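Before any comments, here is the structure.
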Amino acid sequence: MTNPRRQLCWRSVFVTFAVCTGTMASGEEDRTVEEKETNNKKRTKGAIATAWLTFYNIAMTAGWLVLAVVMVRYYLQKGTHKGLYKNIARTLKFSQTFALLEVGHCAIGIVRTSVIVTGVQVCSRIFMVWFITNSIRQIQNEESVILFVVVWTITEITRYSFYTFNLLNHLPYFIKWARYNMFIVMYPLGVIGELLTIHAALPYVRRSGMYSLRLPNKYNVSFDYYYFLIIVMLSYIPLFPQLYFHMLRQRRRVLHGEIVVEKDE
């Protein structure tokens, strides 16, 4: 006869084994469910980010296209660039200031670009618009102002179109080509326009003392906007070659198929 105690012992072992097996299976199922939920959340976030970036780039393309149309129409009607900046100032300020969102895109990680590099590029343009051209009306009819505005407009239409079509997985080659070739000429022309504009502003800044803080004052701090602008001009010497050659390296990689173009801004 079988020992009742031995039977009870074996039953306990079987029960324990079944419970452990069930617990392990349940744990694996829980982990699988958690992984699926995590992946679904990532896909959802990715889809939302892509939708937002697509909308943003379409809006920015449209904004700069409007600016281009207004400039062409004004010149055809008036036959001169004088008074053009006043006519486009509102659209230019809005379009360029709205680009601050790009710094946020980098900060939260939906665009794989350096926050610092993007911040410097965006803020330098906002500085040109708000604190130089918009603030000093005497220089708004300078040819250098029209030069950098035209260069910015062509560059931004190309850039935002490139990002839009890339996000839609339908990138025409001529837009890709324009993105990585036009800067070779446009970038230096834009820098020349910006530097000449700052240089034209210097006499007015010096006479007016605008944005300067003289001693004595309650803050016990001195700031001279005139010399600050000179420092800004000198900063182009080390910064321009670095950014320009970076774009040249990126051009070689992209156009020669060494890397996959990123779907970012």
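Please verify whether segment 96-115 includes one or more residues that are under 29 Å from SER208 (Cβ atoms), open to solvent by less than 40 Å² (accessible area, probe 1.4 Å), out of contact with any Cys (no Cβ under 9 Å at 6 or more places or on another chain) and polar (S, T, N, Q). Looking for residues that are under 29 Å from SER208 (Cβ atoms), open to solvent by less than 40 Å² (accessible area, probe 1.4 Å), out of contact with any Cys (no Cβ under 9 Å at 6 or more places or on another chain) and polar (S, T, N, Q), one finds at least one in segment 96-115, hence yes. Of the residues screened, ILE88 is not one that is closer than 30 Å to THR197 by Cβ, modelled with pLDDT under 95 and in a helix (DSSP H, G or I). Restricting segment 83-113 to residues that are closer than 18 Å to GLN140 by Cα and among the basic types (Lys, Arg) leaves a set whose member that is nearest to the chain's Cα centre (by Cα) is LYS93. Among the residues of segment 196-205, is any touching a Lys or Arg at 6+ places or on another chain (Cβ under 9 Å) and loosely packed, with under 15 Cβ neighbours inside 10 Å? No. The residue list GLU143, GLU194, GLU156 contains one member that is closer than 19 Å to GLY63 by Cβ and either modelled with pLDDT under 95 or of a type in the set (D, E, K, R) (or both), which is GLU156.
The set of residues in segment 165-185 being of a type in the set (Ser, Thr, Tyr) and either within 17 Å of TRP64 (Cα to Cα) or without any contact (Cβ under 8 Å) to a residue 60 or more places away in the chain (or both) consists of TYR173 alone.
Residues of segment 118-139 being more than 17 Å from VAL232 (Cα to Cα) and crowded, with 20+ Cβ neighbours inside 10 Å, which ones? First the steps, then the outcome.
Restricting attention to segment 118-139, the residues satisfying the condition of being more than 17 Å from VAL232 (Cα to Cα) are 118, 134, 137-139.
THR118, ILE139, listed by residue number.
For PHE162, state whether it is under 30 Å from TYR226 (Cα atoms) and either surrounded by 19 or more Cβ atoms within 10 Å (Cβ to Cβ) or in contact (Cβ under 8 Å) with a residue 12 or more places away in the chain (or both). No; evaluated as a whole, the condition is false for this residue.
The values are calculated or read from the model by the stated rules, or taken from the named source; none is laboratory data. Since we're looking at a predicted model, the values are computed, not measured. Cβ coordinates were reconstructed from backbone atoms using ideal geometry, including for glycine residues, and neighbour counts include every protein chain displayed. To get the accessible areas, we keep the full protein, side chains included, count just its heavy atoms, and leave off ligands, DNA and RNA. Shrake-Rupley method; radii C 1.70, N 1.55, O 1.52, S 1.80 Å.
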